[in-house]
1. Step through the residues of segment A:272-289 one at a time and calculate ³J(HN,Hα) from phi using the Karplus curve (6.51 cos²θ - 1.76 cosθ + 1.60, θ = phi - 60°), rounding each to whole Hz and writing x for Gly and Pro.
2. List the distances, in nm to one decimal, from the label point of B:Gly12 to the label points of the same position in every other copy, shortest first, placing each label point 7 Å from Cα along the Cα-to-Cβ direction.
3. Under a Cβ-only charge scheme (Lys and Arg +1, Asp and Glu -1), can you give me the dipole magnitude of segment A:238-321 about the Cα centre, in debye to the nearest 20?
4. Residue-wise, which Karplus ³J(HN,Hα) couplings in Hz belong to segment A:45-51, taking 6.51 cos²θ - 1.76 cosθ + 1.60, θ = phi - 60°, and x for glycine or proline?
5. Relative to the longest principal axis of chain B, what angle (0 to 90°, nearest 10) does the C-alpha long axis of helix B:221-232 take?
6. Along each principal axis of its Cα atoms, how long is segment A:1-107 end to end? Whole angstroms, biggest number first, please.
7. Rolling a 1.4 angstrom probe over the protein chains, ignoring ligands and nucleic acids, what is the accessible area of A:Ile93 in square angstrom, nearest 10?
8. How large is the convex hull of the Cα atoms of the protein assembly as shown per residue, expressed in Å³ as a whole number?
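The values are calculated or read from the model by the stated rules, or taken from the named source; none is laboratory data. Please read these numbers as outputs of a predicted model, since none were measured by experiment. Cβ atoms come from the backbone with ideal geometry, glycine included; neighbour counts cover every protein chain shown. For the accessible areas, the whole protein counts, side chains as well, though only heavy atoms, and no ligand, DNA or RNA atoms are used. Shrake-Rupley method; radii C 1.70, N 1.55, O 1.52, S 1.80 Å.
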There are 2 protein chains.
Amino acid sequence: MANIKDVAERAGVSVATVSRVLNGHSPVAETRERVLAAVRELGYRPNNVARALRTARTGALGLIISDLTNPFFTELADAVEDEARSLGYSLIIGNAGERPEQQDDHIRTLLDRRIDGLLVSSAGTGSAMLGEVVGSGTPLVLLDRTVPGIDAPCVRADGRAAMTDLAAHLAALGRRRPAIIVAPAGTPTGDERLDLFRTALAAHGIGLPDERVGAAHDLQHTGGRRVMSDLLDLPQRPDAVLATDNLMALGAMDELKARGLRVPDDVALVSYDDVPWFAHTDPPLTVIAQPTRELGRVAVHTLLARIEGRPAGSVLLPARLVTRRSCGEPPAH
Amino acid sequence: MANIKDVAERAGVSVATVSRVLNGHSPVAETRERVLAAVRELGYRPNNVARALRTARTGALGLIISDLTNPFFTELADAVEDEARSLGYSLIIGNAGERPEQQDDHIRTLLDRRIDGLLVSSAGTGSAMLGEVVGSGTPLVLLDRTVPGIDAPCVRADGRAAMTDLAAHLAALGRRRPAIIVAPAGTPTGDERLDLFRTALAAHGIGLPDERVGAAHDLQHTGGRRVMSDLLDLPQRPDAVLATDNLMALGAMDELKARGLRVPDDVALVSYDDVPWFAHTDPPLTVIAQPTRELGRVAVHTLLARIEGRPAGSVLLPARLVTRRSCGEPPAH
DNA sequence: AGGCTCTAGGTAATCGATTACACGAGCTCG
DNA sequence: CGAGCTCGTGTAATCGATTACCTAGAGCCT
């Protein structure tokens, strides 16, 4: 592949001039044309590796996704990629598959590649490498999930308003024995969603005792299904269940179906994350929708601010309740 | 961040020695220990950018995905990433979103970054840049979709056996008026699936006239829904529909539901791609399952063969029919 | 005309690694 | 005992760009 020297020779100028033309620095008409012609004729494209070495800027951002096969994160990754690209950065995606070691492995290679900044929606409860990222000086922004002890801005959704609406919705429909399926114990996201739900219900005089709080062993289909099974085995079966992740909701639905229970007649079901096909389930699922694409966009902007040395703090974007039919009574419209 | 010179100084050796220790080339016990100690103390990590410049190997592969939000491709990307990582490469994913211009844009930046090889599941019917990739000498392997006129191995699924089984399945269940929903006209994948289906049906004396062949305007939910609508408006409604992509199948299902038609009683429905939630629809969908993860793995190996100069040709892996209940009669088991 | 500023463009250092080549020390072997 | 090895290590070239610094000439002023 042609390099800058070839172009310089062909245009009869020095490499410096070629570089200047290409970066729009100083050069002027006549020389400029010759250089551009040479570039065209040789099909020259600057070598980004060399450029990155010299400028200490790779023009690449890293994104660690906790589970790429989870549609919520797929959409998040897609949004991040779009935004990064439109701002002239390319994106290297690493999928942690909810495994902290794999996450660390990815972070290490991204640092070795000298990416300009890193976005992380962390698997598990964080990891040693995240500390190193901060230490290395590479700009870091957390996405969707906070990590205790890591000093970096976090961009995520605020479920408070949606939870308030949800509690009101359930109360209005006469549901009195709610339950919740949360992420494995100790994850900040799980704890927070539980707190918010409990608080919101309390405002309507509805309790959420610990026996109706189920922590899944994983953030997957089977995790949700198993917890739903436990909940249904309770002496008093819950009459409404909130699954705090879309895959767990899917598992929960399957368990209900397997037992011949009907949604919403026997049990109301609500999920977090409005993934496209929830509108096509039977019945369509009422969900707490996070502003997924917006989260991705804002995260990229926050990261760029950090990269450019501008101040940037955490951001909370409101989630909202999308009422469909899985709690009963189709919404009047 | 510490560089190789810092390490050399601290260990009291030359940079050459440090490099040799780190790459396991020649050095021996005593010096080796000193170098490793220095590396540890300084937290040194080699700069991959510099290394890539010198060795002309970046250790990165590129993957262009036609639509990352399509679960089939998400799983494919995930499999490719896993395999690449386990072989010591990192992966840069570019999402074309079914837009050829965006695909070209991605390919361009990947080439500029001097990736060691490129995997492409091409959006549309290919693009000018693909020709340039071949011209540039960057090893290229096509994935899932062939591109006419591009001289590169292609790794994809062979639907023949599955189609044969499907035709037999439909015939056995007494379906006589099949229809098919294919990708926009002119895409090799669409044409091929149509041919295979038609041929397989013919063996049972069942015809597939053009009026029951619907080309969607896009590979999405709405594309599938619109075509299904047209098919249902036919004077003689089809009694079985094969949607050749999972998103189109979802659209088709919605149209059936909207018209109050029942699956499989009124119309049998079959989809391509066994995405996880098809097992959870009502009724569970009979599908032609592609060996998705295997495709990803094989594609990476084929690409590595190319990179290392070993010969490597196209690969076809058999798809298979997964019988569930959307064509009637649950399978005996 | 001499001196000044301004601009275009060349020369060479630089980024951080890898690696060809050279060199000296310690061996073996005739 | 010295020629010839091998082995470990250092010196310096190299990858392909960017950019600080310098020079030459043009234009302008007094």
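1. Residue by residue, segment A:272-289 yields 8, 6, 8, 7, x, 7, 5, 6, 10, 6, 10, x, x, 8, 6, 9, 9, 8 Hz.
2. Here the equivalent label points are 5.9 nm apart from this one.
3. The calculation lands at about 440 debye.
4. Result, rounded to whole Hz: 10, x, 7, 5, 5, 5, 4.
5. 20
6. 56, 24, 22
7. 10
8. Measuring per residue, one finds 198 Å³ for the Cα hull of the protein assembly as shown.
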